[in-house]
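All remarks here apply to the structure that follows.
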Amino acid sequence: MPRTAGDLDQTKQDRRLLLVLLIVPVLVSLAAVWTLDQARADRSLFSLTNLVGPTTRSLLNGGGITVCTEEMGTRGNPICFHAARMPATAITVASGIRLFGDRYVPVACFKTILLLLPVEFAIYLAWCCLPRPFGRRLMVILLLLIPFFIPAFLADVTNLQVDEGFSYSFLAMAAAMLFLDWPGLRGVRGAVLFAAALDGLYLSKSGMLAAVLVLLVGFLALERQTKLRWLAVLLVAAAPLGWALHQHHASGRFSVGTSFDGINLHKGNNAGFLQNYPPTHGDSLDWYDFELNRGMSFPDEWSFNDYHLRAARQYLLTHPRETLSGDRRKLRILFFSVEKYGSTAIFGARQLIEIAGMLLFRLMFWIATVSAIVLLLRHRFEDDRSLRVAAATFLALVAASTLPYLAGFAYTRHVSILIYPSALFCCRLLCEPERD
């Protein structure tokens, strides 16, 4: 059937809309980099905290992701860590330095644009599924753009020194491919792209391994071809297996995690936790590392890791009441708080903007969560398998993404990675045809 002039006009409007949806996030993000990072313009990238700077220097010098340091609270006992950081952060920053030199703002812009590409792909998938009714269409457009006006999300988009500044991107892409279920991405191409997103998610943060497994199960539930299922499984498994082999070669132990896992668990499960958590605004729990290591000496990173794992487990077994009190505080920060914890303190108008952004996030998150629960309970949707899989996957993803921080300790950035998946699930609900 030939296309009418009205159809052509609609196509042009849709393409212009797509252009806006792709350009606005980039412009807003780069503006955020320029605003937030000008104060760091003269700072060397090798001084980045969380060991990002030292591991980047080591990588550029051919030493792998290695750093010998006392910064983990072991004064007078420097430990050489080969397995403390996942590789995505150092590789990205090192690539930026190769291209632009040791210049903070250009490298921050490079990282921001590079990690926005998977999010742009998620936006494209949502655009492909835009509903025709004007009201729903407008809501989807707003949902795709609103996260870029939430400070907690922009902090992930622009940040160079926390894992969430990298994992948020791959999580958004994988969630979009599952939630929106666009037919154009089925087949080998879709399986490969989905596996690449999950590998990127894991290599950004080992704590996201449970989330990777949840998303993979969601894919397997939707994909009916056995060959494509196996292809996805093998490609996804390549990342943790490859990392474990690297760990053994570099540090002498096969591990799909890092040698910081122990102290991260201990930091959230110790006798002083309830007195120190949540941290005051602008502070973190890092200063307490010295207390956790007091009187101890470690020959290597794995003895350091194993000691803290044992200490944390012992505390969990012997202090169930205190553990429960700590868990309640962590849950409040993960799911209810509109204040930002674990980052630089801000005041005045910026603080009000930040709180407003968190309110928007909580609204999207709880609408998505309650809707997913309702969809799974209502039998009238039993015929829409992909919607039920999307709802179940969203709920399981929330649990898998937050469980490591419920076990350890939670900051706002640990849950901010769910901002875009929440928006995408809401988009899926709006893209569904109306039912009688």
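Figures for the structure shown
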{"quantity": "The range 74-94 residues that are farther than 13 Å from residue 46 by Cα, paired with ones that are open to solvent by 50 Å² or more (accessible area, probe 1.4 Å) and assigned to a loop (DSSP other than H, G, I, E, B) (beta carbon under 6 Å, 6 or more apart)", "calculated": "77/297; 78/70"}
{"quantity": "Selection status of residue 266, touching a His at 6+ places or on another chain (Cβ under 9 Å), closer than 30 Å to residue 63 by Cα and without any contact (Cβ under 8 Å) to a residue 60 or more places away in the chain", "calculated": "yes"}
{"quantity": "Subset of the range 196-236 [among the aromatic types (Phe, Trp, Tyr) and open to solvent by 30 Å² or more (accessible area, probe 1.4 Å)]", "calculated": "230"}
{"quantity": "The listed residue being of a type in the set (Gly, Ala, Ser) and closer than 23 Å to residue 415 by Cα, out of 303, 284, 297", "calculated": "284"}
{"quantity": "Residues of the range 176-198 satisfying the condition of being outside any helix (DSSP H, G or I) and of a type in the set (D, E, K, R)", "calculated": "181, 186"}
{"quantity": "Of residues in the range 123-136 being part of a helix (DSSP H, G or I) and farther than 14 Å from residue 428 by Cβ, the one farthest from the chain's Cα centre (by Cα)", "calculated": "134"}
{"quantity": "Residue ID - farthest from residue 396 (Cα to Cα), chosen from residues in the range 199-252 that are at pLDDT below 95, not in a helix (DSSP H, G or I) and not small (Gly, Ala, Ser)", "calculated": "225"}
{"quantity": "Residue within the range 96-116 that is under 25 Å from residue 202 (Cα atoms) and outside any helix (DSSP H, G or I) present", "calculated": "no"}
{"quantity": "Residue among 99, 59, 51, 116 that alone is out of contact with any Leu (no Cβ under 9 Å at 6 or more places or on another chain), open to solvent by 40 Å² or more (accessible area, probe 1.4 Å) and touching a residue at least 12 places away in the same chain (Cβ under 8 Å)", "calculated": "59"}
{"quantity": "Residue that is within 21 Å of the chain's Cα centre (by Cα) and either without any contact (Cβ under 8 Å) to a residue 12 or more places away in the chain or open to solvent by less than 10 Å² (accessible area, probe 1.4 Å) (or both), where the choices are 259, 303", "calculated": "259"}
{"quantity": "Residue 170 open to solvent by less than 40 Å² (accessible area, probe 1.4 Å), in a helix (DSSP H, G or I) and out of contact with any strand residue (DSSP E or B) (no Cβ under 6 Å at 6 or more places or on another chain)", "calculated": "no"}
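The values are calculated or read from the model by the stated rules, or taken from the named source; none is laboratory data. Since we're looking at a predicted model, the values are computed, not measured. No Cβ is skipped: glycine too gets one built from the backbone with ideal geometry, and neighbour counts run over all protein chains shown. With ligands, DNA and RNA removed, areas are computed over all heavy atoms of the protein, side chains included. Shrake-Rupley method; radii C 1.70, N 1.55, O 1.52, S 1.80 Å.
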